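Colleague: One structure, as structure tokens, below. Some questions next.
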């Protein structure tokens, strides 16, 4: 395929009501096939709204939103989408939660279950297939939610701050784990975060959004060798790139 996996052009959206809220103001973004692209910005800048547009859950006021050349307007299911909260169903055991997205996408139950069981070790969940969500740690719940997302048969993954609720140590572990899983999966990832270091560790490209109404204020290509370990945060190039991203965030806030 020649076109990018994700294309957003001139995206605008305002939530209606007695006091309308303009959320997105002419956003342009692209994610090449197989790339890991992050979107950073302050809370409330429209990052989650943008993902919901791409997920086909919100119809924008204007602009274009494409996944693999297809408009997402009125077309949910073109991507595998993980919202901020894990949204695990408490009445389903781990294996039941893992296969939920695949079943909704039309994958036969037996096939979805076999695929989930084959990936339990890769996702660090071996031995917990029959556990209830309440019996899992925060990191395990996030890995289970990610497994559910990975099992959806789409080439584009959209992850909305999947590690935002985790402690610093668990987040570092999840960064290493996600890189390993993505490296063997060959899918396109659009990853939303407000953590600049997280974006730099994980990404091939980072887009910076301004405060609401959200616009793209900067785009930075990241070319550190992979795999990237947590110690990279002390290296001079990383420190310089972090300063550039923070500066872009500051300038966006002042615009």
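Colleague: So which residues in segment 115-134 are surrounded by 12 or more Cβ atoms within 10 Å (Cβ to Cβ) and outside any loop (DSSP other than H, G, I, E, B), if there are any at all?
Modeller: 115, 116, 117, 119, 133
Colleague: May I pose another question? Hey, could you check segment 210-232 for residues that are outside any loop (DSSP other than H, G, I, E, B) and in contact with a helix residue (DSSP H, G or I) (Cβ under 6 Å, 6 or more places away or on another chain) and say which is nearest to residue 170 (Cα to Cα)?
Modeller: If we take residues in segment 210-232 being outside any loop (DSSP other than H, G, I, E, B) and in contact with a helix residue (DSSP H, G or I) (Cβ under 6 Å, 6 or more places away or on another chain), then 230 is nearest to residue 170 (Cα to Cα).
Colleague: Oh, and also: Suppose the filter is surrounded by 17 or more Cβ atoms within 10 Å (Cβ to Cβ) and over 18 Å from the mean Cα position of the chain (by Cα); does residue 218 pass it?
Modeller: Numbers: surrounded by 17 or more Cβ atoms within 10 Å (Cβ to Cβ): yes; over 18 Å from the mean Cα position of the chain (by Cα): yes.
For residue 218, the condition - surrounded by 17 or more Cβ atoms within 10 Å (Cβ to Cβ) and over 18 Å from the mean Cα position of the chain (by Cα) - is met.
Colleague: Now, a different point. Every residue in segment 24-52 that is surrounded by 23 or more Cβ atoms within 10 Å (Cβ to Cβ) and farther than 23 Å from residue 201 by Cβ, please.
Modeller: Matches in segment 24-52: 24, 27, 46.
Colleague: Now for a different question. Can you pull out every residue in segment 45-77 that is touching a strand residue (DSSP E or B) at 6+ places or on another chain (Cβ under 6 Å) and either at positive phi or not assigned by TED's automatic domain parsing to the domain that holds residue 7 (or both)?
Modeller: 46, 63
Colleague: Just give me the residues in segment 182-196 being surrounded by fewer than 18 Cβ atoms within 10 Å (Cβ to Cβ), within 16 Å of the chain's Cα centre (by Cα) and farther than 18 Å from residue 50 by Cα, in sequence order.
Modeller: Selection gives 183, 185, 186.
Colleague: Please indicate, with yes or no, whether at least one residue in segment 138-151 is free of Cβ contacts under 8 Å to residues at least 40 places away in the same chain and surrounded by fewer than 16 Cβ atoms within 10 Å (Cβ to Cβ).
Modeller: yes
The values are calculated or read from the model by the stated rules, or taken from the named source; none is laboratory data. For clarity, every value in this text was computed on a predicted model and none was experimentally measured. Heads up, the Cβs are rebuilt from the backbone with ideal geometry, glycines too, and the neighbour counts pull from every protein chain shown.
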